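Just below is one structure, and these are the notes that go with it.
The values are calculated or read from the model by the stated rules, or taken from the named source; none is laboratory data. This one's a predicted model, so the numbers in the text were calculated from it and none came from an experiment. FYI the Cβ positions are ideal-geometry reconstructions off the backbone, even for glycines, and counts take in every protein chain you see. Ligands, DNA and RNA are stripped out before the accessible areas are found, and what is left, the full protein with its side chains, is counted by its heavy atoms. Shrake-Rupley method; radii C 1.70, N 1.55, O 1.52, S 1.80 Å.
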Amino acid sequence: MNRRMMIAGSVVLLGSLGAANRAKASCLPLSPDWSGVILVNEGGTMNVRAQGTLHTGGPAITTETRFNILSLGKMMTGVLMGQLVDAGQVRYSDLVSVHLPDLPSRIGDLRVGDLLTHSSGLGDYIEVENFGAIAAALSATDLLPLVLAAPYEAPGAPSYSNSGYAVAGALIERITGQTYRDRLSEQVFGPCGMASASLQPRVDDALAEPAYEALRSGRPSVGTLPGGPAGGAFMKAGDMALFAQALFSGRLVSDVTRDVITSIQAERQPLAADGIRRGWGFGFGVRGDGVERSIGHTGGLPGFSAACRIQPSQGRIVVALANQDRVGAAEVSSAVMANPELCKT
C-alpha cells in the first residue's frame, strides 16, 4: 500500500471522441473489466446499469448496491456551507478565525472560500498512519489535530486539499452546534430522499477486495473508513442522482448560492489548449461557461473510482460508481456525458 492514500478528485473534463469510443466498448455491452453501476438521468428519465460483484466470488452488484462515493462528497460539504451563507451565518470572504478562533494563524488567516476551492495550501490529513484516528473520529472537529500535524504549503494557487475540507466541516460544526454527520443527514440526505446514504460502511457495500478483507477483519482501510467532509460517504448511484436533482430544483440552497458554488472561483492556469476555462467552485469542479458549463466531481483510490457529472443546460446527470479502477469511472462518465446513448438500455 502506498503511504499516501488520499480521497482524490479532479476538475470535470468532458470526454473526447476517443474516450467515447472506449466507453462504448465498456457499455454496449459493458466491458468484462467494469465492476460497478452507470446511471444516466436526462430530462427526468433515468437509466441504470449494473455489472460485477461486491468482491471476488461475492454476490452480484445491483442497481441498489451502495458504493464509496469518495470525493463526490465534497459537493455536499459545499452545499452545507452554502446553506449557512443563505442563512447569513457565514460569508465566503470571512476569515476562518472568525468562526474557529483557536486555530493557528496559518489556518485562521485563510478565507472560508479558500477551504472549498483547494486554495488553502493545507494538504492532506488522510495518511496511512492516521487511519485509526480517522476511523475513531466522531466529528469533523476530531480531525483537526490530524490537519495541524500534516504538511502544508503557502495558500494561493489551487492545490488539492482534503485537509481544507476537514476544516470546513469543523467550521460547519462550530456554527450549527451539530456534528457534520448529523448536519449532512438532516440537511442533505433527508431533503433529497437519499434513503441509502450514510457515512458508515456496511459489509454489503461494493468494496475492492483489500478493502473488503479489511472490513471483515476489523482492520482500518481507506476504502472502509467512515466518510466525512472530504468525502467517502456510502450510497447507491440513484441517491447520488437525487442529490444533483435537488441541487438544481432549489431544494438545497437558493438559486443565487447554487450559481455561486457551481461557478469557477479558483481558475486553473494556464488555460488548456482548447481554451476552455476550468477550475473549482465551492465544492464543485467546473468546466466551461454558459450553456456549455458542466459541473461535478470525480474520486479515486486504489481499487475504487467514482464520478458525478452534471450539465445543467441539458438537464443531464451521469453517475458512475465502481469497486475497481481498471476501467475508470471518470473516463466512462465523461464519454457518457458527451453521448448518453452509449449506456442506455
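Using 7 Å Cα-to-Cβ label points, what is the Asp259/Arg326 separation (nm, one decimal)?
4.6
Considering the options His297, Thr45, Leu70, tell which one lies farthest towards the positive end of the dipole of the chain, charges being +1 on Lys and Arg and -1 on Asp and Glu at the Cβ, about the Cα centre.
Thr45
So which trypsin sites (Lys or Arg not before Pro) in the range 80-128 are both in a DSSP loop and have at most 15 other Cβ atoms within 10 Å of their Cβ?
Taking the range 80-128 and a limit of 15 other Cβ atoms within 10 Å, the loop trypsin sites (Lys or Arg not before Pro) found are Arg91.
To the nearest 0.05, how large is the calculated FRET efficiency for Thr53 and Val291 if R₀ is 35 Å and r is the Cβ-Cβ distance?
0.30
Please list the helices of the chain that count as membrane-span-like by this rule: a mean Kyte-Doolittle hydropathy of at least 1.0 together with Cα atoms stretching 20 Å or more along the helix axis, each helix being a complete DSSP H run.
None clear 20 Å together with a mean of 1.0.
Please identify the trypsin sites (Lys or Arg not before Pro) of the range 176-244 that satisfy two criteria: DSSP loop assignment and at most 14 other Cβ atoms within 10 Å. Which are they?
Sparse-neighbourhood loop trypsin sites (Lys or Arg not before Pro): Arg202.
How much length is gained if the chain between Glu341 and Asp33 is pulled fully straight, taking 0.36 nm per residue apart and subtracting their Cα-Cα distance, in nm to one decimal?
108.8 nm
At 7 Å along the Cα-to-beta-carbon direction for both Ser105 and Ala272, put a label point, then send me their distance in nm to one decimal.
4.0
Protein chains only, probe 1.4 Å: how do Ile264, Ile107 rank by accessible area, largest first?
So the residues, ranked largest to smallest area, are Ile264, Ile107.
Given Cα pairs under 8 Å that are at least 6 residues apart, what percent is the relative contact order of the range 103-255?
24
Got a number for the accessible area of Ser159? Probe 1.4 Å, square angstrom, nearest 10.
Number for this one is 40 Å².
Express the relative contact order of the chain as a whole percentage, based on alpha carbon pairs under 8 Å and six or more residues apart in sequence. Walk me through the intermediate numbers first.
Values: 803 pairs, mean separation 102.9, N = 345.
It comes to 30 percent, rounded to a whole number.
Sticking with the crude label model, points 7 Å out along Cα→Cβ, report the distance from Ser93 to Glu42 in nm, one decimal please.
4.2
To the nearest 0.05, how large is the calculated FRET efficiency for Glu153 and Glu213 if R₀ is 30 Å and r is the Cβ-Cβ distance?
0.25
Report the FRET efficiency, 1/(1 + (r/R0)^6), for Ala195 and Asp86, where r is their Cβ-Cβ distance and R0 is 22 Å, rounded to 0.05. Walk me through the numbers before you get to the answer.
Details: r = 25 Å, r/R0 = 1.14.
Efficiency, from the Cβ-Cβ distance: 0.30.
Filter the GluC sites (Glu not before Pro) in the range 122-211 to those in DSSP coil with at most 15 other Cβ atoms within 10 Å of their Cβ, and list the result.
For GluC sites (Glu not before Pro) across the range 122-211 that sit outside H, G, I, E and B with at most 15 neighbouring Cβ atoms in 10 Å, the list reads Glu153.
Compute the signed sum of charges (Lys and Arg +1, Asp and Glu -1) over the other residues within less than 15 Å, Cβ to Cβ, of Glu292.
Result for the local shell: +4.
Gain in length, Phe248 to Arg202, computed as 0.36 nm per residue apart minus the alpha-carbon separation, to one decimal in nm? Kindly include the intermediate steps, with their values, before the conclusion.
Working: separation 46, 0.36 × 46 = 16.56 nm, distance 2.99 nm.
So the chain would gain 13.6 nm between Phe248 and Arg202.
Would you check the accessible area of Leu242, probe 1.4 Å, heavy atoms only, in square angstrom rounded to 10?
Counting only protein heavy atoms, Leu242 exposes about 50 Å² to solvent.
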